[in-house]
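A short worksheet on the structure shown next.
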């Protein structure tokens, strides 16, 4: 089996194609992504839901066509992610504005809504034959310094974007990650009814 | 124009159907949702990406078929949301486990990854002719108490799920929300290149 067959979802109940086919590869092909496809990815993020329609998300993005910017973004990943993400033709940093624009108070949904936007981006990638791999392992202080990120904005995630590559291009420890299924908890373990930990009768 | 035409995305660049058609209605129809459709919604959440595949999300869910549980969930919404969400046949609370299972430390992606899972749920809703409206306005302490939510788990969002209703069923101040377009910032305001606030050349 190829990584695509191994790693994509094995749903117990029917789900939409984009959701069933999304997974986070380690191997990326040496093939650039068209600018118009990248615009569609960020457009998908743009239309995510957000609390008070704050749209707290921002992205710093670089492609290998601009080596200087690419290197800057790449250098903001932790070492474990630099071991593979440098093969992706596009790297981004996901940031979120922590405070509400209308009153300056902490937006409890700030991180949550960045997650929604990036999820939509990752699904749009599938629609275009691309894959996105999100990482929490970044160096936020380095992002702040290199890109002059203002106070009140939290750099939170890295995102590698590109076409699927050959896992043979990876070091052994990473190769096995692209060739090992990643399961999920059953619904009964996270969809609850009358009380925490008590599975909802809806999930069978 | 009907709310569907008014409220759905007006993208500047092509995006997938599910993403373009997702929006958060206030008016819901008095029509139950099939259990199998609800299973697909949570299945979509289940396959979201998460840091270390922690899957920190959990949901407490109730339908109007179980009035006691439904009332309990409903009572955990803030007053502003109780003004409309009680028309939805399904209500859920989105919770996230704040600490990593493997070392007990704070998972920086906990809220983010709940956002990803709920975004996938909301898109799966569109695939089934349903809509989901997420709310940050809940009473977390009441959720903890009524549903015995353990320490280390944060109740974060409410989610109303159902079929679109007639905005005429809403009070005037809410009706206008279902009949007013909700725009988004242009890409140039949140997709940055070499420095924060400097639009990426990729977005045109």
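The values are calculated or read from the model by the stated rules, or taken from the named source; none is laboratory data. Computed from a predicted model, the values in this text were never measured in an experiment. Cβ coordinates were reconstructed from backbone atoms using ideal geometry, including for glycine residues, and neighbour counts include every protein chain displayed.
If you take the residues in region A:142-154 that are over 25 Å from residue A:32 (Cβ atoms) and in contact (Cβ under 8 Å) with a residue 40 or more places away in the chain, which one is nearest to the other protein chains (Cβ to nearest Cβ)? Talk me through it step by step, then tell me what you get.
Step one: list which residues in region A:142-154 are over 25 Å from residue A:32 (Cβ atoms), which gives A:142, A:144-145, A:148-154.
Now drop any that are not in contact (Cβ under 8 Å) with a residue 40 or more places away in the chain, which leaves A:142, A:149, A:152-154.
On the way: A:142: 13, A:149: 5, A:152: 12, A:153: 8, A:154: 9 Å.
Out of the qualifying residues, it is A:149.
The set of residues from region A:49-65 being closer than 11 Å to residue B:190 by Cβ and either within 7 Å of another protein chain (Cβ to nearest Cβ) or modelled with pLDDT under 95 (or both) comprises A:55, A:57, A:58, A:59, A:60, A:61. Give the residue that is surrounded by the most Cβ atoms within 10 Å (Cβ to Cβ), with candidates limited to residues of region A:99-126 that are outside any helix (DSSP H, G or I) and free of Cβ contacts under 8 Å to residues at least 40 places away in the same chain. Going through the qualifying residues, I end up with A:106.
So for region A:87-98 (the condition being over 21 Å from residue A:33 (Cα atoms), crowded, with 24+ Cβ neighbours inside 10 Å and more than 7 Å from chain B (Cβ to nearest Cβ)), does at least one residue qualify? There is at least one residue in region A:87-98 that is over 21 Å from residue A:33 (Cα atoms), crowded, with 24+ Cβ neighbours inside 10 Å and more than 7 Å from chain B (Cβ to nearest Cβ).
Out of everything in region B:52-81 that is in contact with a helix residue (DSSP H, G or I) (Cβ under 6 Å, 6 or more places away or on another chain) and surrounded by fewer than 23 Cβ atoms within 10 Å (Cβ to Cβ), what residue ends up being farthest from residue A:204 (Cα to Cα)? Once the filter is applied, the top-ranked residue is B:72. The condition (being within 11 Å of another protein chain (Cβ to nearest Cβ), at negative phi, part of a loop (DSSP other than H, G, I, E, B) and at pLDDT 95 or above) is satisfied by just one residue among B:11, B:32, B:25: B:11. If only residues of region B:161-195 that are touching a strand residue (DSSP E or B) at 6+ places or on another chain (Cβ under 7 Å) and closer than 20 Å to residue A:114 by Cα are counted, the one that is farthest from the other protein chains (Cβ to nearest Cβ) is B:188. Here are some conditions: (1) without any contact (Cβ under 8 Å) to a residue 12 or more places away in the chain; (2) under 15 Å from the mean Cα position of the chain (by Cα). Residue B:67 meets all but one. Which one does it not meet? Unmet condition: (2). Here residue A:1 fulfils each of the conditions (1) outside any helix (DSSP H, G or I); (2) facing another protein chain (nearest Cβ under 9 Å); (3) surrounded by fewer than 24 Cβ atoms within 10 Å (Cβ to Cβ); (4) free of Cβ contacts under 8 Å to residues at least 12 places away in the same chain apart from (2).
Taken as a whole, the structure leaves residue A:134 outside the set of residues that are at the interface with chain B (Cβ under 7 Å from one of its Cβ atoms), modelled with pLDDT of 95 or more, in a helix (DSSP H, G or I) and buried (at least 24 other Cβ atoms within 10 Å of the Cβ).
If I ask for residues that are part of a helix (DSSP H, G or I) and either surrounded by fewer than 19 Cβ atoms within 10 Å (Cβ to Cβ) or within 8 Å of another protein chain (Cβ to nearest Cβ) (or both), which ones from region B:38-48 would you list? Working first, answer last.
Applying the first criterion (part of a helix (DSSP H, G or I)) to region B:38-48 yields B:38-46.
Of everything in region B:38-48, those that are part of a helix (DSSP H, G or I) and either surrounded by fewer than 19 Cβ atoms within 10 Å (Cβ to Cβ) or within 8 Å of another protein chain (Cβ to nearest Cβ) (or both) turn out to be B:38, B:39, B:40, B:42, B:43, B:44, B:46.
With respect to residue B:145, is the statement that it is at pLDDT 95 or above and over 30 Å from residue A:67 (Cβ atoms) true?
Considered against the rule, which asks whether it is at pLDDT 95 or above and over 30 Å from residue A:67 (Cβ atoms), residue B:145 comes out as yes.
Looking only at region B:30-38, decide whether some residue is within 24 Å of residue A:12 (Cβ to Cβ) and touching a helix residue (DSSP H, G or I) at 6+ places or on another chain (Cβ under 8 Å). Yes, that holds for at least one residue. Find the residue count for region B:155-191, including only residues that are touching a helix residue (DSSP H, G or I) at 6+ places or on another chain (Cβ under 7 Å) and assigned to a strand (DSSP E or B). The total comes to 9.
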